[in-house]
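Undergrad: Here's a structure for you.
The values are calculated or read from the model by the stated rules, or taken from the named source; none is laboratory data. Just so it is clear, the structure is predicted and the values come from calculations on it, not from any experiment. Positions of Cβ are generated from backbone atoms using ideal geometry, with glycine treated the same way; all protein chains shown enter the neighbour counts.
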Amino acid sequence: MKNVLVLYYTQSGQLEDIAKNITHPLAENKDITLTFCEIKMKKAFPFPWDKESFFDAFPESFLEIPTEVISIDTAITEKKYDLIILAYQVWFLSISIPVNSFLKSYQAKSLFKDTPVITVIGCRNMWIGAQEKMKKHLLNLKANLVGNIVLFDRSPNLISVITIVKWMFSGEKKKYLGIFPKPGVSQKDIIHAQIFGFYIEQALLQESFETLQDHFIKEKAVEVDDYLLKAETKGARIFNKWARLIITKKRSRKLWLKAFNVYLFLAIWIISPIVYILHLLTFLFTKNARNKRKKYYQSV
Ligand SMILES: Cc1cc2nc3c(=O)[nH]c(=O)nc-3n(C[C@H](O)[C@H](O)[C@H](O)COP(=O)(O)O)c2cc1C
C-alpha cells in the first residue's frame, strides 16, 4: 500500500479542483491511499479580496515572513508518506503566505524529511521566482523534489491582469462584461491534468521518480515563456526593494502600500509592454540563451 498526501491551500477552490484531477488515477487505485489536507490560517485571508488586504499581503509574501497556520491533525502528520503533492498559489511572484508559513512550521520538518515531493502550481502566469524559492524550502526540509506541474491562465498577459483582478475582487470566476475570457486556469487544462496522475501512479508503484519530470515535460506540464520570465525577473528585483522598504514602515505602511499599488499599475501597463518590445527585437539572437533558461526552469 502506498500513502500519498495532498497538501494544498486555495481560496476559490480552483487549486483543489486541479489537485483532484491530477490525483484522479491514484484515487481509483486500490493500492494507493490518498489523504487530502488543506492548509488553514489562524486568521484567514479574505476572499473575495478588498484592495487594502490584497496589497497588505505583498511585503510578507515577497519576503517570506510567516503567519500562524492552524496545526494539522497529528493523525495526518505522524504518518510516513511515499509521496507528498504540494499544491500552491503564487502571490506577488512568491509562494502564497499560507503555504510559505506551513513550510516554515515545525510540522513541515518531520512531514517532508526524506519524502518525494511533487509541486503543483495554479497561478496567473508568473511562477518562476516562487518555484525557485520552493526549491530552497524543500532542500532545507531535506525533501526530494521529483516533479513540478504548472497550470496557468493562457490569456495574453495584460488580458489576464484585467480578468484576474475582477475575479479576485468579486470572487466570481466568470467572463468580465461577457466579452473577456474566463479568468484563471481553463477547465480544459484542469481536466487534462489527469494525464499527470497516470505518470505519478506508475512512478509510485515502480518506486522510481527519476524519469517523472521528463514525462511531465513531454505532456507540457511546465511551459516557460521567455518574455514572462524576463518581465518577472525584472519585476522581482524591484519588488525586493519595495518589500524591504515597506516592511520597515510601521505607521506609514498604508501610505507606502498605496505608492506600491501605483508603481505596480505603471509596471504592468508601461514597463511590461516595453520589455515585450525588447524581447521581440532580440528574439532571433537569443535562441541558445532562451533554450538554456527553458531547460533549467523546466527541471526540478
Ligand atoms: C495576493 C495575490 C497575489 C497574486 N500574485 C500572483 C503572481 O505574482 N503571479 C501569478 O501568476 N499569480 C498571482 N496570483 C494568482 C494566484 O496565484 C492564484 O491563481 C489565484 O489566487 C487563484 O487561486 P485559487 O483559485 O487557488 O484560490 C495572485 C493572487 C493573489 C490573491
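Undergrad: I'd like to know if the stretch 75-92 contains one or more residues that are within 16 Å of the ligand (Cβ to nearest atom) and surrounded by fewer than 24 Cβ atoms within 10 Å (Cβ to Cβ). Before you say what the answer is, go through the steps one by one.
TA: Just the residues of the stretch 75-92 that are within 16 Å of the ligand (Cβ to nearest atom), to begin with: 85-92.
Checking the rest, the ones that are also surrounded by fewer than 24 Cβ atoms within 10 Å (Cβ to Cβ) come to 89, 91.
Scanning the stretch 75-92 turns up at least one residue that is within 16 Å of the ligand (Cβ to nearest atom) and surrounded by fewer than 24 Cβ atoms within 10 Å (Cβ to Cβ).
Undergrad: Follow-up. Hey, among Glu201, Glu132, which residue is over 19 Å from the mean Cα position of the chain (by Cα) and modelled with pLDDT of 95 or more?
TA: Working: Glu132 fails: over 19 Å from the mean Cα position of the chain (by Cα).
The unique qualifying residue is Glu201.
This table checks each residue for (1) buried (at least 21 other Cβ atoms within 10 Å of the Cβ); (2) of a type in the set (Ser, Thr, Tyr); (3) within 16 Å of the ligand (Cβ to nearest atom).
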site: Asp153; (1), (2), (3): yes, no, yes
site: Trp167; (1), (2), (3): yes, no, yes
site: Leu177; (1), (2), (3): no, no, no
site: Phe196; (1), (2), (3): yes, no, no
site: Val224; (1), (2), (3): no, no, yes
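Undergrad: May I pose another question? Here's a check for you: in the stretch 1-15, which residue that is surrounded by 15 or more Cβ atoms within 10 Å (Cβ to Cβ) and away from the ligand (no atom under 11 Å from the Cβ) is nearest to Ser170 (Cα to Cα)? So that I can check it myself, show each step before the final result.
TA: If we filter the stretch 1-15 for residues that are surrounded by 15 or more Cβ atoms within 10 Å (Cβ to Cβ), which is where we start, we get 2-12, 14-15.
Then drop every residue that is not away from the ligand (no atom under 11 Å from the Cβ), which leaves 2-7.
Numbers: Lys2: 41, Asn3: 38, Val4: 34, Leu5: 32, Val6: 28, Leu7: 26 Å.
Here the answer is Leu7.
Undergrad: Continuing with this model, one more query. Pairs, please: C-beta under 6 Å, at least 6 apart or cross-chain, first residue of a type in the set (Gly, Ala, Ser) and in the stretch 1-23, second crowded, with 18+ Cβ neighbours inside 10 Å?
TA: Ala19/Val6; Ala19/Tyr8; Ala19/Ala87
Undergrad: Anything in the stretch 108-126 that is buried (at least 18 other Cβ atoms within 10 Å of the Cβ) and of a type outside the set (A, V, I, L, M, F, W, C)? List them, or say none.
TA: Of the residues in the stretch 108-126, the ones buried (at least 18 other Cβ atoms within 10 Å of the Cβ) are 108, 111-112, 115-126.
Result: Thr115, Pro116, Thr119, Gly122, Arg124, Asn125.
Undergrad: While we're here: Determine if the stretch 107-122 includes at least one residue that is more than 16 Å from the ligand (Cβ to nearest atom), in contact with a helix residue (DSSP H, G or I) (Cβ under 8 Å, 6 or more places away or on another chain) and over 26 Å from Glu210 (Cβ atoms).
TA: Applying the first criterion (more than 16 Å from the ligand (Cβ to nearest atom)) to the stretch 107-122 yields 107-118.
Narrowing the set further to residues that are in contact with a helix residue (DSSP H, G or I) (Cβ under 8 Å, 6 or more places away or on another chain) leaves 107-108, 110-112, 117-118.
With over 26 Å from Glu210 (Cβ atoms) added as a condition, the list becomes 107.
Yes, some residue in the stretch 107-122 is more than 16 Å from the ligand (Cβ to nearest atom), in contact with a helix residue (DSSP H, G or I) (Cβ under 8 Å, 6 or more places away or on another chain) and over 26 Å from Glu210 (Cβ atoms).
Undergrad: Let me ask you something else. Mind checking which residues of the stretch 179-194 are assigned to a helix (DSSP H, G or I) and within 12 Å of the ligand (Cβ to nearest atom)? Step through it out loud before you land on a result.
TA: Taking the stretch 179-194 first, the residues assigned to a helix (DSSP H, G or I) are 187-192, 194.
Scanning the stretch 179-194 gives a single hit, Ile190.
Undergrad: Taking the options Phe36, Phe55, name whichever one is buried (at least 16 other Cβ atoms within 10 Å of the Cβ), at pLDDT 95 or above and within 11 Å of the ligand (Cβ to nearest atom). Lay out the reasoning, then the answer.
TA: Working: Phe36 fails: within 11 Å of the ligand (Cβ to nearest atom).
Matching residue, one of Phe36, Phe55: Phe55.
Quick grid of which residues meet (1) within 12 Å of the ligand (Cβ to nearest atom); (2) crowded, with 18+ Cβ neighbours inside 10 Å; (3) at positive phi:
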position	(1), (2), (3)
Ile128	yes, yes, no
Glu132	no, no, no
Lys136	no, no, no
Leu139	no, no, no
Lys142	no, no, yes
Ile149	no, yes, no
Pro156	no, no, no
Lys174	no, no, no
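Undergrad: For the stretch 228-286, how many residues meet the condition of being more than 23 Å from Pro156 (Cβ to Cβ) and either of a type in the set (Phe, Trp, Tyr) or in contact with a Gly (Cβ under 9 Å, 6 or more places away or on another chain) (or both)?
TA: Taking the stretch 228-286 and keeping what is more than 23 Å from Pro156 (Cβ to Cβ), we get 237, 240-260, 262, 285.
The next check asks that each one be either of a type in the set (Phe, Trp, Tyr) or in contact with a Gly (Cβ under 9 Å, 6 or more places away or on another chain) (or both); those that pass are 242, 256, 260, 285.
Residues meeting the conditions: 4.
Undergrad: While we're looking at this one, here's another question. Residues to consider are Leu284, Leu278, Leu229; find the one that is at pLDDT 95 or above and assigned to a helix (DSSP H, G or I).
TA: Only one candidate qualifies: Leu229.
Undergrad: In the list Arg244, Arg251, which residue meets the criterion of being outside any helix (DSSP H, G or I) and basic (Lys, Arg)?
TA: Every option except Arg251 fails the conditions.
Undergrad: Right, here's the next one. Could you tell me how many of the residues in the stretch 16-33 are within 11 Å of the ligand (Cβ to nearest atom) and closer than 22 Å to Asp82 by Cβ?
TA: Let us first name the residues in the stretch 16-33 that are within 11 Å of the ligand (Cβ to nearest atom), namely 16-19.
With the extra rule that they be closer than 22 Å to Asp82 by Cβ, the set shrinks to 16, 18-19.
The qualifying residues number 3.
Undergrad: I'd like the full set of residues that are under 22 Å from Pro46 (Cβ atoms) and assigned to a loop (DSSP other than H, G, I, E, B), limited to the stretch 112-125.
TA: Of everything in the stretch 112-125, those that are under 22 Å from Pro46 (Cβ atoms) and assigned to a loop (DSSP other than H, G, I, E, B) turn out to be Cys123, Arg124.
Undergrad: Tell me the helices (runs of 4 or more DSSP H) entirely within the stretch 1-111 that contain at least 1 residues that are charged (D, E, K, R) and within 21 Å of Cys123 (Cβ to Cβ).
TA: Details: elements: 14-22, 24-27, 51-56, 58-62, 74-77, 97-103.
Because the criterion is at least 1 residues that are charged (D, E, K, R) and within 21 Å of Cys123 (Cβ to Cβ), the helices (runs of 4 or more DSSP H) in the stretch 1-111 that meet it are 14-22, 51-56, 58-62.
Undergrad: Condition first: under 11 Å from His24 (Cα atoms) and aliphatic (A, V, I, L, M). Now tell me which residues in the stretch 192-210 satisfy that.
TA: If the condition is that a residue be under 11 Å from His24 (Cα atoms) and aliphatic (A, V, I, L, M), then Ala193, Ile195, Ile200 are the ones that fit.
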